[in-house]
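Written below as structure tokens is the structure these notes are about.
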Amino acid sequence: MPPLLVSVAIPCPLRRRFDYLWPDSLGRVIEAGLRVRVPFGRREVVGVVIAPAEGAAVDASRLKAVSEVLDERPSLSPPLLSLGLWAADYYHHPVGECLQQMLPVALRKAATPARAKAERWQLCAGVDVSTLPPQAKQQRALCEAFREHGVLSREALGELGFSRATLRELEKKALVEEAATTAAVGGGVQGPPLNDEQQQALVAITDALGQFRRFLLDGITGSGKTEVYLRGIEQCLQQGRQCLVLVPEIGLTPQTLRRFERRFPGRVTSLHSGLADSERLRNWQAARDGHCDIVLGTRSAVFADLPRLGLIIVDEEHDASYKQQDGWRYSARDIAVKRAADQGCPIVLGSATPSLDSLHNGDQGRYHLLRLRQRAGEASEAAIRLVDIRQQPLQDGLSAALLTAVDATLAAGNQVLLFLNRRGFAPVLQCHHCGWIAECAACDARMTVHYKRRQLRCHHCEAVRGMPRTCPDCDNAEWLYEGPGTERLEMNLQKRFRERVLRIDRDSTSAKGSMAALVAEVRQGEPCILVGTQMLAKGHHFPKVTLVGVLDMDAGLFSADYRATESSAQLLLQVAGRAGRAEQAGEVLLQTHCPQHPALQTLVHRGYRQFASTLLAERRLLGLPPFSYCAVIRADAVTLSEAEDFLATLRSALAEPANDWHMVGPLPAPMARRAGRFRASLILQADTRGRLHGQLQRACAVAEGQRAGQRLRWSIDVDPIDLF
DNA sequence: AGCACGCCGACT
DNA sequence: GTCGGCGTGCTC
């Protein structure tokens, strides 16, 4: 009898699997997806069993043995394991790191996590209280309380005056058990009736339940996409299946969660970065064990284990936060599509401003297009008005036209939103005497002035230093603060207006609860001016905002970077959508130095879809994605030439450029030095996925062969968001 | 990634 | 004389 061998994924940056002996003492059947503790080098790590190994990679006598099996049943179910293996391959990332990242943090280490503490309890089915001894008065009383209330939470038990001990006693006697995450499952509140468009979209989706089908739900702001999701989910649940709903990082607000919970009480759980490890584990288990039917989560929730998955929804599918921006650079949206295909269930990608990728997929007939053009309720979509600010005097970055509009809006008792996507006081600090400029010591970048904190901060690394009192070169103390920032805008506007000015950006909302407090204040409805970055553009609805002013988006809209134009337009429309959501009509003023620019004209006068078509046509001409397949290999090192040399070596090991295959680089990154390291990239472009994949495979082999060490780091980005 | 081994500088 | 710097090599 040959010894049993298993192939294990180890969490280390090696694109390899490791074989281990499976000792008889473990006894159990080998199941893929089990977590195991294994010796690795001089330490012990947690790996995941991929499969029984056929023949060992090294001779079997040199293999080490699995120390321990950590799971009762596989932590990665067969469909998730195969999804993970596919994704590791697709993104050319080490399989051990991928599989580890798919698991909740609490399961990544060997110590069996303390079972997440129960919060709610209920009576077990068919309990006979009379079996309790008559002297157990407290226990009997507690059973009565359960009969009356159904489910009792920790707090409720405290309020009713029951002790922890009584409860524990009943749990031990198997009279009481942990209840599902939330209160009794029951009928939630009814949603509003659907209009024709919504109804059509809903029917299309529900007709597809039980089969793989991709939908692009293209619905303008306020058109009621979420209502379509909720109805679709309702149908899916009625068929006894579960749903996965992905939202952008910033979109998973308590409001969103509450909306789902009100509709489906007791059936929703969430997975996002705000949860403690134990809560995350608990919610993950609730989904896996089928206690919850809806998982609402951000990027990594795409790996939630839903054994009865029947529908996937990706809201705001164009949002960049679905793409992980370091390490394993996966796109949760794209993995979700793959997952739906594996599972044989429909997936709905929703957006008011769909990504060009998805629109292209729609054009190709891969995605079924569903459009919602009407706004639910009376309000019409706010038109964008261009304000030509060439040679116009600006006061605090605001043109006379915008100031007039602000005055009028406030006078009418409404609220104003001013969008400026640059936080801090001023992006540049310069000495008025000698021209010295404050630069980051570690990056090719200027330091941003943070006025109230009296600090200079680099927005590209962690660097922070105090504001110098005098110029380090000429010792003068007269400073120029160049350019606008949200902090400066807030301060200056506060001097000018008597109404409250509220700033919402990463700095003003970093303290826990401060975001909620700001949002609550705005929702009071008093006239005020909101100043903010893109944080303001997403998630929150402010019904009293009737004027949106966009101070400066020229840099993004007219950028040479081909993706920046797309994402700036999406952002602009998202911001514009904040205006006039309730019954009041809204107004959007966009300040620009290029009012005649054709792209802007198209966007403003002919709409996003037309704008997107124009951009797509451009990309087709230039052979850019989605008309080609793209990857970037990035390297960073202590010197620029080390990074470039490494990439040059890779380049020379790959196929010669041809008709269907191009390489660009190695090129230094636009901001070559960042956090003290020099960065360069090699761009790969192919006409087919297969071609790209093959070359990436070779690149990985060559790169791993190089003894790079600590001095040089490299990474692969498949389907990158930006090319550098 | 970790972790050990290994060969050169300033310290009780 | 040793403590400790991080270069380099290896992990079933």
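The values are calculated or read from the model by the stated rules, or taken from the named source; none is laboratory data. Computed from a predicted structure; not experimentally measured. Neighbour counts run over all protein chains shown; Cβ positions are idealised from the backbone, glycine included. Just so you know, the surface numbers come from the protein's heavy atoms only, side chains and all, with ligands and any DNA or RNA stripped out. Shrake-Rupley method; radii C 1.70, N 1.55, O 1.52, S 1.80 Å.
Along Cα→Cβ, 7 Å out, is where each label goes; now give me the distance between the ones at residue A:564 and residue A:111 in nm to one decimal.
Rounded to a tenth, the inter-label distance reads 4.7 nm.
Just the number: Rg to Rh for chain A, Cα atoms, Kirkwood Rh, two decimals.
Ratio of gyration radius to Kirkwood radius for chain A: 0.99.
For segment A:469-502, list residues with backbone N below 13 Å from a point placed 7 Å from the Cα of residue A:404 toward its Cβ?
No residues fall inside that zone.
How large is the Rg to Rh ratio of segment A:499-635 when both quantities use alpha carbon positions and Rh follows Kirkwood?
Rg/Rh: 1.04.
Measure of size requested: the Rg and Dmax of segment A:196-352, with Cα atoms as the atom set and Å as the unit; please supply both.
For segment A:196-352, the Cα radius of gyration and maximum Cα-Cα distance read 14.3, 45 Å.
How about segment A:501-537: which trypsin sites (Lys or Arg not before Pro) there are in a DSSP loop, with at most 15 other Cβ atoms within 10 Å of their Cβ?
Passing both the DSSP loop test and the Cβ count: A:506, A:512.
Assuming R0 = 25 Å, what is the FRET efficiency of residue A:510 and residue A:713, from their Cβ-Cβ distance, to the nearest 0.05?
My answer for the efficiency is 0.30.
Regarding segment A:383-524, what are the three Cα extents along the principal axes, ordered largest first, in Å?
51, 42, 27
Taking the solvent-accessible surface of protein heavy atoms with a 1.4 Å probe, what is the per residue accessible area of segment A:4-108 in Å²?
With all protein chains present, segment A:4-108 gives 45 Å² per residue.
Among DSSP bridges having both ends in chain A, what percentage is antiparallel? Round to the nearest 5.
Around 55 percent antiparallel, to the nearest 5.
May I ask you to compute the full-extension gain from residue A:65 to residue A:14, defined as 0.36 nm times their residue separation minus their alpha-carbon distance, rounded to one decimal in nm?
Length gained between residue A:65 and residue A:14: 16.4 nm.
With an 8 Å Cα cut-off and a minimum separation of 6 or more residues, compute the relative contact order for segment A:196-352 in percent.
35 percent
Highest mean first, how do A:654-664, A:196-206 rank when packing is the count of other Cβ atoms within 10 Å averaged over residues?
Averaged packing, sorted descending, gives the order A:196-206, A:654-664.
How big is the antiparallel share of DSSP beta bridges in segment A:196-352, given as a percent to the nearest 5?
In segment A:196-352, approximately 5 percent of DSSP beta bridges are antiparallel ones.
Do me a favour and compute the ellipsoid semi-axes for segment A:598-642 from its Cα gyration tensor, root of five times each eigenvalue, largest one first, whole Å.
Taking √(5λ) for each Cα gyration eigenvalue gives 34, 14, 8 Å.
Need one number: nm distance between label points at residue A:621 and residue A:144, each 7 Å from Cα along Cα→Cβ, rounded to one decimal.
8.3 nm
Rolling a 1.4 Å sphere over the protein heavy atoms, what is the accessible area per residue of segment A:196-352, to the nearest Å²?
32 Å²
With a 10 Å radius around each residue's Cβ, average the other Cβ atoms per peptide and rank A:92-105, A:467-480, highest first.
A:92-105, A:467-480
Using only the alpha carbons of segment A:629-718, determine the length spanned along each of the three principal axes and report them from longest to shortest in whole angstroms.
So the three principal-axis extents are 37, 27, 19 Å.
Of all accessible surface on chain A at a 1.4 Å probe, what whole percent is carbon and sulfur?
Summing carbon and sulfur atoms, their accessible area is 49 percent of the total for chain A.
Between residue A:432 and residue A:137, what length comes free when the chain is fully extended (0.36 nm per residue of separation minus the Cα-Cα distance, one decimal in nm)?
98.0 nm
In deg cm²/dmol and to the nearest 500, what is the mean residue ellipticity at 222 nm of chain A if only DSSP H runs of at least 4 residues count, each as -39500 (n - 2.57), divided by the residue total?
Per the formula, -9000 deg cm²/dmol.
Report the semi-axes of the equivalent ellipsoid for segment A:569-724 in whole Å, largest first, where each axis is √(5λ) for an eigenvalue λ of the Cα gyration tensor.
Its equivalent ellipsoid spans semi-axes of 39, 20, 13 Å.
Please list A:392-401, A:324-333, A:259-268 highest first by mean number of surrounding beta-carbon atoms within 10 Å per residue.
Final packing ranking: A:259-268, A:324-333, A:392-401.
May I ask for the equivalent-ellipsoid semi-axes of segment A:120-178, computed as the square root of five times each C-alpha gyration tensor eigenvalue and listed largest first in whole Å?
For segment A:120-178, the ellipsoid semi-axes come out as 16, 13, 10 Å.
Per 5 Å bin, what percent of the C-alpha pairs of segment A:427-482 does each bin hold, from zero upward?
4, 23, 31, 26, 13, 2
Please tell me the relative contact order of segment A:181-256 in percent, rounded to the nearest whole number, where contacts are Cα pairs under 8 Å and at least six residues apart.
30 percent
Taking a probe of 1.4 Å, how large is the accessible area per residue of segment A:629-718, in Å²?
47 Å²
Expressed as a whole percent, how much of the Cα-Cα distance distribution for segment A:4-108 exceeds 25 Å?
That tail contains 12 percent of the Cα-Cα pairs.
For chain A, how many pairs of lysine residues have a Cα-Cα distance under 24 Å, where the two are 8 or more positions apart or belong to different chains?
Final tally of qualifying lysine pairs is 17.
Given 0.36 nm per residue, what is the gain on full extension from residue A:289 to residue A:195 after removing their alpha carbon distance, in nm?
Value of the extension gain: 30.2 nm.
Could you compute Rg(Cα) / (2.2 N^0.38 Å) for segment A:512-593, with N its residue count?
With N residues counted in segment A:512-593, Rg over 2.2 N^0.38 Å equals 1.18.
Return a whole-number percent for the relative contact order of chain A, with Cα pairs under 8 Å and 6 or more residues apart as the contact set.
Rounded, it is 10 percent for chain A.
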